[in-house]
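The structure appears below as structure tokens.
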Amino acid sequence: MARRVVYLSHPQVIVDAAKPVERWSLNPTGQARVAALAASGRLVGTAWIVSSAETKAIETADPLARALGLTPIIRAAMHENDRSATGFLPPAEFETVADTFFANPETSVRGWETAAAAQRRICGEVRACLSDFPEGDGLIVGHGAVGTLLYSALAELPISRRHDQPAGGGNWFAFTGWSAPLAPWAPMETLGTRL
């Protein structure tokens, strides 16, 4: 049976307009969801874990890795799409800009990294993981937008927000080799209960 790689987005965060987005932490709901998954035993058999360097991703990866007796490998280039040009945006404004980001993948929206560039970056990082860890099931902990761009690339679908994760974060999909995802995004509570 081919090895399986799971891509997991971090769950809910503390939205703090005074902090750079990449330094946001998980909120109590997000922490509780991660703790429940870590305690569930549903990740047993995972041989390696890679995480984005953003705080919220590390706070997701660390408890999962500890439960498995692993140390997560941090890859800085697995970060979320670069939105530093705008920093924090109020939710309604953010959703509008995110819609434009996905709808115009070759165009920088308000100085954001383009969706096409973010897709090339995350795909390069995941291919590097597949090369670095040629054996064993793996877990990659990251973010919703670049996860969606990865999903689209694996499925050979055009970039579109139609393939975005459900609201709230803490969702996953799996793939084997460099091939189409085995199923759509699903909440982390279903990880290990399907496929």
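The values are calculated or read from the model by the stated rules, or taken from the named source; none is laboratory data. None of the values given here were measured: they were computed from a predicted structure. When we count neighbours, we look across all protein chains shown, and the Cβ atoms used for this are built from the backbone with ideal geometry, even at glycine.
Out of all the residues in region 62-72, which are part of a helix (DSSP H, G or I), in contact with a strand residue (DSSP E or B) (Cβ under 6 Å, 6 or more places away or on another chain) and either in contact (Cβ under 8 Å) with a residue 60 or more places away in the chain or surrounded by fewer than 20 Cβ atoms within 10 Å (Cβ to Cβ) (or both)?
Listed by number, the list holds a single entry, L68.
Check P105, P184 and return the single one that is farther than 23 Å from K19 by Cα and in contact with a strand residue (DSSP E or B) (Cβ under 9 Å, 6 or more places away or on another chain).
Just one listed residue meets the conditions, P184.
Would it be correct to say that C129 is in contact with a strand residue (DSSP E or B) (Cβ under 9 Å, 6 or more places away or on another chain), assigned to a helix (DSSP H, G or I) and not charged (D, E, K, R)?
Spelling it out, C129 is indeed in contact with a strand residue (DSSP E or B) (Cβ under 9 Å, 6 or more places away or on another chain), assigned to a helix (DSSP H, G or I) and not charged (D, E, K, R).
Every residue in region 73-108 that is touching a residue at least 60 places away in the same chain (Cβ under 8 Å) and either at positive phi or part of a loop (DSSP other than H, G, I, E, B) (or both), please.
If the condition is that a residue be touching a residue at least 60 places away in the same chain (Cβ under 8 Å) and either at positive phi or part of a loop (DSSP other than H, G, I, E, B) (or both), then H79, E80, N81, R83, S84, G87, F88 are the ones that fit.
Going through R4, R33, R42 one at a time, which residue ends up being surrounded by 21 or more Cβ atoms within 10 Å (Cβ to Cβ), in contact (Cβ under 8 Å) with a residue 40 or more places away in the chain and more than 14 Å from G144 (Cβ to Cβ)?
That would be R33, the only listed residue that is surrounded by 21 or more Cβ atoms within 10 Å (Cβ to Cβ), in contact (Cβ under 8 Å) with a residue 40 or more places away in the chain and more than 14 Å from G144 (Cβ to Cβ).
So that you can scan it fast, the table gives a plain yes or no per residue for (1) exposed (fewer than 13 other Cβ atoms within 10 Å of the Cβ); (2) among the charged types (D, E, K, R); (3) under 18 Å from the mean Cα position of the chain (by Cα):
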| residue | (1), (2), (3) |
| --- | --- |
| S9 | no, no, yes |
| N27 | no, no, yes |
| L37 | no, no, yes |
| E54 | no, yes, yes |
| T60 | no, no, yes |
| I74 | no, no, yes |
| A77 | yes, no, yes |
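Per-residue answers, yes or no, for (1) among the charged types (D, E, K, R); (2) part of a helix (DSSP H, G or I); (3) modelled with pLDDT of 95 or more; (4) surrounded by fewer than 17 Cβ atoms within 10 Å (Cβ to Cβ):
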residue	(1), (2), (3), (4)
R110	yes, no, yes, yes
R121	yes, yes, yes, no
L139	no, no, yes, no
V146	no, yes, yes, no
G177	no, no, no, yes
E189	yes, yes, yes, yes
L195	no, no, no, yes
